[in-house]
Amino acid sequence: MAAALLIAAPASGQGKTTVAAALARLHARRGRRVRCFKCGPDFLDPMWLEAASGSPVDALDLWINGADDCAQRLAAAASEADLIIVEGVMGLFDGEPSVADLAQRFGIPVAAVIDAGAMAGTFAAVAHGLRHWRPALPWAGVFANRVGSPRHADMLREALDPSRPDDGGPWLGQLSRSDSVALPERHLGLTMPAEAAGTLARLDAAADAVADQPLGRDLAAWPRWQPPQAPRPAPRPRPLAGRRIAVARDAAFAFIYAANLEVLRALGAQPVFFSPLAGDPLPPCDALWLPGGYPELHAARLAELSGLRAQIAAHVQSSKPLWAECGGLMVLAEHLVDSAGRPHALWGLLPGTAVLGRRLAALGPHEMPLAGEAMPLRGHSFHWSRFETTLEPASFTTPQRRSAAAGDGEAVYELGSLRASWFHPWFASSPAAAARLFDTPSPFRP
């Protein structure tokens, strides 16, 4: 039976990914089988968790995935792993459903990471609040991040009331403030491990730092975790049987859920990967997927790919489906304006200009209805850019909750067999709807 831990925090930016990756790397080095998950939709944090654990990382979200999908993924991981590490998102109680909801539903003990860099005794008050806001929450303890000195660590630890071991404790240890341990960031979050210098050295430094802490104790000391009883997945039809789906995959098109590829294969499709940045031509295919990523960082190189642009235009003119999400939409625009205000002539299959903004443009869970499908595709939106176009949307996504951050929904554009949106779908939320994105008839019109 596997051990399990959910790494949470009172807010974003506290160091959850660093601590989760450190723990995963530590136990992977010890020869343990480690499986990591990320709460909520995310592409970047899972890359670091995968680098640390050596295993693929799936998302867990009670609204986007659904409880059954979460249970199935946790149960499957528990059948093969010694340790399951789930990294939270935002604050422990933020969002509906929250990280705390997921921890409580599946009985996963919570380890709270608190950035203690500018506090002393208040550390215990924050820990107490997290521990007791929801008394039934499974609890493992509290971990201090960005600690300034050994004396500072002593002050934090001593602030926890030793006469009340459940008062936010037990103490799980600390990480010192260190550039060698902190993970590098940029506008969408962390940089990708493949781009960071000395990725494994950084992860090893973090693992070494927690090895002698209570958090780094041998798994024999962890309480056993009872994995959920997961419903057996229903047999899936194979509407994409025999279809070759070309998938762009490189530093410009890196935001791909491994679970989405699994769904395509289960639907009968054969994903075929190619790298636009490396100069690869479009492979022979029946459909094309341009995922999200960082086209804005590679706009000059992408603008040079006139041959690939012509191949993709011919693909669409032949009425073969093309699904483009977020960064994929940006590269199909006539122009892309980067963060320095420089315009780049891009592939021009969508009339309009993608403009990288200086602040968040949209964030939150959404669902995308498709004509004739009972279950919409669920997923999320997260981007800094806007798309200036005269093209009328074929459809709109629906935010889980309407707010200033979520907006009124993401436009979905359709030109012939080309479909594009800022929306990132989780294919397992509605495999039948996902298949429609790669089918010839319009998925948005009856």
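The values are calculated or read from the model by the stated rules, or taken from the named source; none is laboratory data. All values derive from a computational prediction rather than experimental measurement. Every residue, glycine among them, receives a Cβ derived from its backbone with ideal geometry; neighbour counts consider all protein chains shown.
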One residue from 276, 271, 284, 291 being under 27 Å from residue 242 (Cβ atoms), out of contact with any helix residue (DSSP H, G or I) (no Cβ under 9 Å at 6 or more places or on another chain) and not basic (Lys, Arg): 284
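Yes/no matrix, rows are residues, columns are (1) at pLDDT 95 or above; (2) closer than 18 Å to residue 11 by Cα; (3) not in a helix (DSSP H, G or I):
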site	(1), (2), (3)
80	no, no, yes
84	yes, no, yes
102	yes, yes, no
114	yes, yes, yes
144	yes, yes, yes
154	no, no, no
161	no, no, yes
Of the criteria (1) of a type outside the set (Val, Ile, Thr); (2) closer than 26 Å to residue 271 by Cα; (3) in contact with a His (Cβ under 9 Å, 6 or more places away or on another chain); (4) in a strand (DSSP E or B), which one residue 413 fails: (3)
Conditions (1) within 20 Å of residue 214 (Cα to Cα); (2) touching a residue at least 12 places away in the same chain (Cβ under 8 Å); number of the one not met by residue 158: (2)
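Yes/no matrix, rows are residues, columns are (1) under 22 Å from the mean Cα position of the chain (by Cα); (2) assigned to a loop (DSSP other than H, G, I, E, B):
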residue	(1), (2)
204	no, no
208	no, no
215	no, no
223	no, yes
228	no, yes
231	no, yes
238	no, yes
247	yes, no
268	no, yes
I need the full set of residues from region 227-250 which are surrounded by fewer than 18 Cβ atoms within 10 Å (Cβ to Cβ) and modelled with pLDDT of 90 or more, in order please. 238, 239, 241, 242, 244, 250
Within region 204-223, is even one residue surrounded by fewer than 18 Cβ atoms within 10 Å (Cβ to Cβ) and either modelled with pLDDT under 70 or touching a Pro at 6+ places or on another chain (Cβ under 6 Å) (or both)? no
If you go through 61, 45, the only one that is touching a strand residue (DSSP E or B) at 6+ places or on another chain (Cβ under 6 Å) and either at positive phi or surrounded by 22 or more Cβ atoms within 10 Å (Cβ to Cβ) (or both) is 45
Test for residue 259: is it in the same structural domain as residue 334 (by TED's automatic domain parsing), assigned to a helix (DSSP H, G or I), surrounded by fewer than 14 Cβ atoms within 10 Å (Cβ to Cβ) and among the hydrophobic types (A, V, I, L, M, F, W, C): no
Checking residue 27 against (1) under 24 Å from residue 93 (Cα atoms); (2) part of a helix (DSSP H, G or I); (3) out of contact with any helix residue (DSSP H, G or I) (no Cβ under 6 Å at 6 or more places or on another chain), which single condition isn't satisfied? (1)
Against the definition (of a type in the set (Lys, Arg), part of a strand (DSSP E or B), at pLDDT below 90 and under 28 Å from the mean Cα position of the chain (by Cα)), how does residue 386 come out, yes or no? yes
Identify the single condition in (1) touching a Gly at 6+ places or on another chain (Cβ under 8 Å); (2) modelled with pLDDT under 95 that residue 425 does not satisfy, given that it satisfies every other one. (2)
Within the set of pairs 6+ apart or on separate chains, which have a first residue in region 242-265 that is farther than 20 Å from residue 278 by Cβ, a second that is of a type in the set (Asp, Glu), and C-beta atoms under 8 Å apart? 243/286; 257/58; 258/58; 259/58
All but one of (1) crowded, with 18+ Cβ neighbours inside 10 Å; (2) assigned to a strand (DSSP E or B) hold for residue 273; state the number of the condition that does not hold. (1)
Within region 298-317, is even one residue touching a residue at least 12 places away in the same chain (Cβ under 8 Å), in a loop (DSSP other than H, G, I, E, B) and under 27 Å from residue 384 (Cα atoms)? yes
Go through region 348-369 and give me each residue that's part of a loop (DSSP other than H, G, I, E, B), touching a strand residue (DSSP E or B) at 6+ places or on another chain (Cβ under 8 Å) and farther than 29 Å from residue 430 by Cβ. 348, 357
Can you tell me how many residues in region 309-322 are buried (at least 19 other Cβ atoms within 10 Å of the Cβ) and of a type in the set (A, V, I, L, M)? 2
Can residue 24 be described as on the phi < 0 side of the Ramachandran plot and either in contact with a strand residue (DSSP E or B) (Cβ under 7 Å, 6 or more places away or on another chain) or of a type in the set (Val, Ile, Thr) (or both)? yes
Within region 28-42, residues being crowded, with 24+ Cβ neighbours inside 10 Å and closer than 17 Å to residue 216 by Cβ number 2
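What residue, of 389, 397, 353, is of a type in the set (Ser, Thr, Tyr) and within 25 Å of residue 60 (Cβ to Cβ)?
Values: 389 fails: within 25 Å of residue 60 (Cβ to Cβ); 353 fails: within 25 Å of residue 60 (Cβ to Cβ).
That would be 397, the only listed residue that is of a type in the set (Ser, Thr, Tyr) and within 25 Å of residue 60 (Cβ to Cβ).
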Residue identified as within 30 Å of residue 270 (Cβ to Cβ), surrounded by fewer than 18 Cβ atoms within 10 Å (Cβ to Cβ) and of a type outside the set (Val, Ile, Thr) among 351, 425, 369, 441: 441
Across region 214-256, what is the total count of residues that are touching a His at 6+ places or on another chain (Cβ under 8 Å) and either over 27 Å from residue 169 (Cβ atoms) or among the acidic types (Asp, Glu) (or both)? 3
